[in-house]
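Reviewing the structure listed below.
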Amino acid sequence: MVQVSPVGSARRRKTWPTVIAVALTTVFTVAACSGNQAPEQPKTIADKGTPYADLLIPKLTASVTNGAVGVTVEEPVTVTTAGGALGPVSLTDENGAPVPGEFSADGLTWSSSDPLEYNASYTLNARSSGLGGQAATQATFETHSPENLTMPYLLPNEGEVVGVGQPIAVRFDENITNRAAAEKAIEVTTTPKVDGAFYWLNNREVRWRPAEYWKPGTKVNVEVNTYGVEVGDGLFGQDNVSTNFTIGDQVIAVADDATKTLTVRRNGEVVKTMPISMGKDSSPTNNGVYIVGDRYAELVMDSSTYGVPVNSPNGYRTEVDYATQMSYSGIYVHGAPWSVGSQGYSNVSHGCLNVSTSNALWFYENTKRGDIVEVVGTVGSQLPGTDGLGDWNIPWTQWKAGNAST
């Protein structure tokens, strides 16, 4: 009879191999008491390592693989560990220059923080340490080489104070065939929050504006993150651009053909009224809402820029002072001393708003990009919404619906 003695707590702390050995010995002894056959010799188990320790070796997972070609530059390179402490991690270009990166808050993931270059080679080295040892990975890879690149240009400019009618304008130097992808890469953040929508004026320029004029004091941040993004037919963004701007005082001027005057209001209060002469019947000034654009202390007005030869009966080439742009089609508020006698009485211009030199200077100095000029009562048609400074002539329902699929 086999007598089993109690095992104290100190004995219970035996390692697993010792416990297994005791169990095998006990089974073999009991078998020997039950028969007369000679006992089989115990089989020898070859040393196969320590599987439990193997489970404690950390795992490393990288977003790139060794030898990869055509890696996107749109997303950061990442490496993550499981079951260990991550580090050190390095990502270097083909010249050995390091690419900056940062660890996540829990220290388990490293991500590159600067965008990679197109058509370049990089090497990632990462190591992780755990209870079962260390794990390491190395990957040398190449980024993709786009067939063509397009550069985005952004308005308003950084730090600019603009009027309540100013849209966000992103213009590319190539035709964009995947408008939806381009829109997705543009992020608009406002304080306070303002809802708005995109609308394409043409194949290269997209605008963003709210349903109504901005509120003065609104702060706007725009991030155009097109670098690495395909915007159609193998065309990728060349760079990212951004801007921050602020909405200034509300300045709205009304040019009324019935009174031949331009009345300027700042924050609802009339601050200036001046006589004007607008486009004659053969070249009337368009009605509608205009957005103030660029301003020039001196500007040459040349009819050939919109298809009328200078030497034709309706042609001209005249230098003017204090020209404030109202449309891409060539309408300005500018000094016109030759028509002072007609200002306030009759329309004699080729479409511009003629004012005296002193009034032109006042308008030049007291308006800013994004201020509004409303023209009413002329015999002309409405300024097209796609003119470039006529955005507010497109009804909000049409603007909000968008035209990315066009």
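The values are calculated or read from the model by the stated rules, or taken from the named source; none is laboratory data. Since we're looking at a predicted model, the values are computed, not measured. Cβ: placed from backbone, ideal geometry, glycine included. Neighbour counts: every protein chain shown.
The table below gives the values:
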| item | result |
| --- | --- |
| Inter-residue pairs, beta-carbon under 6 Å, first outside the structural domain of residue 375 (by TED's automatic domain parsing) and in a loop (DSSP other than H, G, I, E, B) and in the stretch 344-359, second small (Gly, Ala, Ser) and surrounded by fewer than 23 Cβ atoms within 10 Å (Cβ to Cβ), 6+ apart | none |
| Candidate set from the stretch 298-319 (those that are closer than 15 Å to residue 349 by Cβ and either among the β-branched types (Val, Ile, Thr) or without any contact (Cβ under 8 Å) to a residue 12 or more places away in the chain (or both)); member that is surrounded by the most Cβ atoms within 10 Å (Cβ to Cβ) | 308 |
| Residues of the stretch 327-343 satisfying the condition of being within 38 Å of the chain's Cα centre (by Cα) and without any contact (Cβ under 8 Å) to a residue 40 or more places away in the chain | 330, 332, 334 |
| Selection status of residue 219, at pLDDT 95 or above and out of contact with any strand residue (DSSP E or B) (no Cβ under 6 Å at 6 or more places or on another chain) | no |
| Top-ranked residue of the stretch 363-387 - restricted to ones that are more than 37 Å from the chain's Cα centre (by Cα) and crowded, with 18+ Cβ neighbours inside 10 Å, ranked as farthest from residue 341 (Cα to Cα) | 380 |
| Hits in the stretch 189-227 (condition: among the hydroxyl-bearing types (Ser, Thr, Tyr) and crowded, with 16+ Cβ neighbours inside 10 Å) | 190, 199, 213, 218, 226, 227 |
| Residue, nearest to residue 89 (Cα to Cα), within the stretch 129-141, restricted to residues that are crowded, with 16+ Cβ neighbours inside 10 Å, of a type in the set (S, T, N, Q) and under 35 Å from the mean Cα position of the chain (by Cα) | 137 |
| Contacts under 8 angstrom Cβ, first residue in the stretch 175-186 being in the same structural domain as residue 229 (by TED's automatic domain parsing) and in contact (Cβ under 8 Å) with a residue 40 or more places away in the chain, partner among the hydrophobic types (A, V, I, L, M, F, W, C) and assigned to a helix (DSSP H, G or I), 6 or more apart | 176/182 |
| Total residues in the stretch 233-256, condition of a type outside the set (Val, Ile, Thr) and surrounded by fewer than 18 Cβ atoms within 10 Å (Cβ to Cβ) | 8 |
| Filter result (in the same structural domain as residue 270 (by TED's automatic domain parsing), among the aliphatic types (A, V, I, L, M) and in a helix (DSSP H, G or I)) within the stretch 360-406 | 360, 361 |
| Candidate set: the stretch 272-297, residues that are in a strand (DSSP E or B) and in contact with an Asp or Glu (Cβ under 8 Å, 6 or more places away or on another chain); chosen: the one surrounded by the most Cβ atoms within 10 Å (Cβ to Cβ) | 290 |
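Each row is one residue, and each column tells you yes or no for (1) modelled with pLDDT under 95; (2) touching a strand residue (DSSP E or B) at 6+ places or on another chain (Cβ under 8 Å); (3) small (Gly, Ala, Ser); (4) outside the structural domain of residue 368 (by TED's automatic domain parsing).
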position: 208; (1), (2), (3), (4): no, yes, no, yes
position: 212; (1), (2), (3), (4): no, no, no, yes
position: 224; (1), (2), (3), (4): no, yes, no, yes
position: 231; (1), (2), (3), (4): no, yes, no, yes
position: 237; (1), (2), (3), (4): no, yes, yes, yes
position: 244; (1), (2), (3), (4): no, yes, no, yes
position: 262; (1), (2), (3), (4): no, yes, no, no
position: 272; (1), (2), (3), (4): no, yes, no, no
position: 291; (1), (2), (3), (4): no, yes, no, no
